[in-house]
1. Within region B:1-16, can you find the residues that are aliphatic (A, V, I, L, M) and at pLDDT 90 or above?
2. I need a count of the residues in region B:39-66 that are farther than 23 Å from B:LEU19 by Cα and either touching a Pro at 6+ places or on another chain (Cβ under 6 Å) or open to solvent by 70 Å² or more (accessible area, probe 1.4 Å) (or both).
3. Any idea which of B:VAL90, B:VAL83 is closer than 27 Å to A:ILE110 by Cα, more than 9 Å from chain A (Cβ to nearest Cβ) and open to solvent by less than 40 Å² (accessible area, probe 1.4 Å)?
4. Consider A:ASP46 carefully, then state whether it is among the acidic types (Asp, Glu) and away from every other protein chain (no Cβ under 11 Å).
5. Could you figure out which of (1) of a type in the set (S, T, N, Q); (2) under 27 Å from B:PRO94 (Cα atoms); (3) open to solvent by 10 Å² or more (accessible area, probe 1.4 Å) isn't true of A:SER77?
6. Considering region B:12-34 alone, what residues qualify as being open to solvent by less than 70 Å² (accessible area, probe 1.4 Å), more than 10 Å from chain A (Cβ to nearest Cβ) and not in a loop (DSSP other than H, G, I, E, B)?
There are 2 protein chains.
Amino acid sequence: MNQPVLQLIGIVHSDIVNLVDTPKFYSESDRVGTLEILPEFTDALDGIAPGQTIVVLFWLHKASRDVLKVYPRGDRSRGLRGVFSTRSPVRPNPIALSELEVCSIDGNLIAVKGLDMLDQTPIVDIKKKID
Amino acid sequence: MNQPVLQLIGIVHSDIVNLVDTPKFYSESDRVGTLEILPEFTDALDGIAPGQTIVVLFWLHKASRDVLKVYPRGDRSRGLRGVFSTRSPVRPNPIALSELEVCSIDGNLIAVKGLDMLDQTPIVDIKKKID
């Protein structure tokens with residue numbers, strides 16, 4: 001089959017503007033920000049409500065795609081590991097997954113808490129969380 | 001930015017060959033199968049071991065990309081919902097996410113349990129699960 005082409009559905013707005021300042025995991029973050037979804041996808045947000053946890057997929061546009069082994073969390077004492085056994089942003093398809101708390105939603109703008117993404121990171125999908 | 005192009009990293013082998021027979025969620029499945037990863041990505045699997053739960057992203061090559069509202073689980077009594085508030089395969093970027101148990105791993109072949117994917121579904125990413 002042909003290689004699939006992603007359609008970006010939105011973009012992150014946050015005050016996280018450099019990698020050093022970016023939380024490594026959503027589970028360790030209390031940072032807030034806004035998911036701005038493109039207006040043509042607003043109907044797809046119907047049913048998302050404050051208080052819910054949503055699963056958000058991002059496209060890490062700055063991540064390398066040709067590295068197969070990394071030091072997890074940059075810790076060289078732990079040795080190299082395959083990227084598929086880690087949460088490293090570096091991977092053949094640099095898609096990141098965060099579980100975020102919905103603080104409020106207004107049209108195509110979702111205010112969220114738990115962000116671990118740089119400002120301006122593209123968004124590719126939102127899903128209901130399965131408990 | 002340009003629309004990202006995905007690189008398929010592998011393919012599912014299972015005895016699930018039609019949609020009617022496909023479990024709706026990994027959390028409701030005890031089906032087994034094999035993730036065949038392309039040989040050039042075998043190094044990226046280093047660190048994955050039997051007994052672990054891995055997060056696997058699939059590309060749902062048969063899913064519609066231009067439907068924004070669905071009846072969750074096909075249940076019309078619940079009304080239409082935006083696809084981003086569901087786990088429907090139908091969405092602008094039909095990426096599915098399953099948490100699968102690793103039964104065994106042999107080179108580029110990962111035997112897994114909990115499959116909710118059709119045979120021959122392309123794989124786009126594998127991640128460590130965050131508890």
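1. B:VAL5, B:LEU6, B:LEU8, B:ILE9, B:ILE11, B:VAL12, B:ILE16
2. Total meeting the criteria: 4.
3. Result of the check over B:VAL90, B:VAL83: B:VAL90.
4. No: the conditions fail for A:ASP46.
5. The failed condition is (2).
6. Matches in region B:12-34: B:VAL12, B:HIS13, B:SER14, B:ASP21, B:GLY33, B:THR34.
The values are calculated or read from the model by the stated rules, or taken from the named source; none is laboratory data. The structure presented is a predicted model; accordingly, all values stated were derived computationally and were not measured. Cβ coordinates were reconstructed from backbone atoms using ideal geometry, including for glycine residues, and neighbour counts include every protein chain displayed. Calculation scope for accessible area: heavy atoms of the full protein, side chains included, ligands and nucleic acids excluded. Shrake-Rupley method; radii C 1.70, N 1.55, O 1.52, S 1.80 Å.
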